[in-house]
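What follows draws every value from the coordinates through simple rules; no lab data is involved. Source: prediction; values computed, not measured. Glycine gets a Cβ as well: all are built from the backbone with ideal geometry, and neighbour counts include every protein chain shown.
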Amino acid sequence: MSALAPNATTVAHSAFVRAGFADPTLVLRWDEIAGPETARLARPIRLSQGPNGGVLTLKAEPGAALFLQHETRSLCERINAYLGQPAVARLRFVQGPLPPRPAPPARRPSPGTIPPTDPTLKYNGPEGLRTALLDLARARRSRTNMGG
């Protein structure tokens, strides 16, 4: 870890706090919380406390604010359910162009091959869990082959 890493963490934390996000989860997991279509049109920029609860300010693409205004109730419910507390009572929209989204990091291919006798190949449950189990089996197999 470089000497820059602790300073970067401190700077990032203070930037989140200045914008009202004591917990950066809302910003960092926005795509997951809001859904891909809403996340494409708007992003959280500030969370403040109003007289009736939290006010989340979203920067929205020009013209999208009107569409998103109709989704306010369900979006607030999704946000609060994700955070596990009634953190957002209402939304406020600021129109403006959003910067381009960064490209997602390239995923490294999972190392190792799974032998046909591995029990993870027989798992027949939710696809997300199946994928995670297969990735874990590949990683375990790779470490075993490397002598680790």
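Based on C-alpha pairs under 8 angstrom that are at least 6 apart in sequence, the chain has a relative contact order of 17 percent.
The Rg/Rh ratio of segment 9-95, with Rg taken over Cα atoms and Rh as the Kirkwood radius over Cα pairs, comes to 0.94. A simple spin-label model places the labels of ARG18 and GLU32 2.7 nm from each other, with each point 7 Å out along Cα-to-Cβ.
Considering every alpha-carbon pair of the chain, the percent of pairs per 10 Å bin, from zero through the bin containing the longest distance, is 9, 27, 24, 22, 14, 3, 0. Modelled this way, with points 7 Å down the Cα-to-C-beta line, the labels at LEU121 and ASN7 are 5.2 nm from one another.
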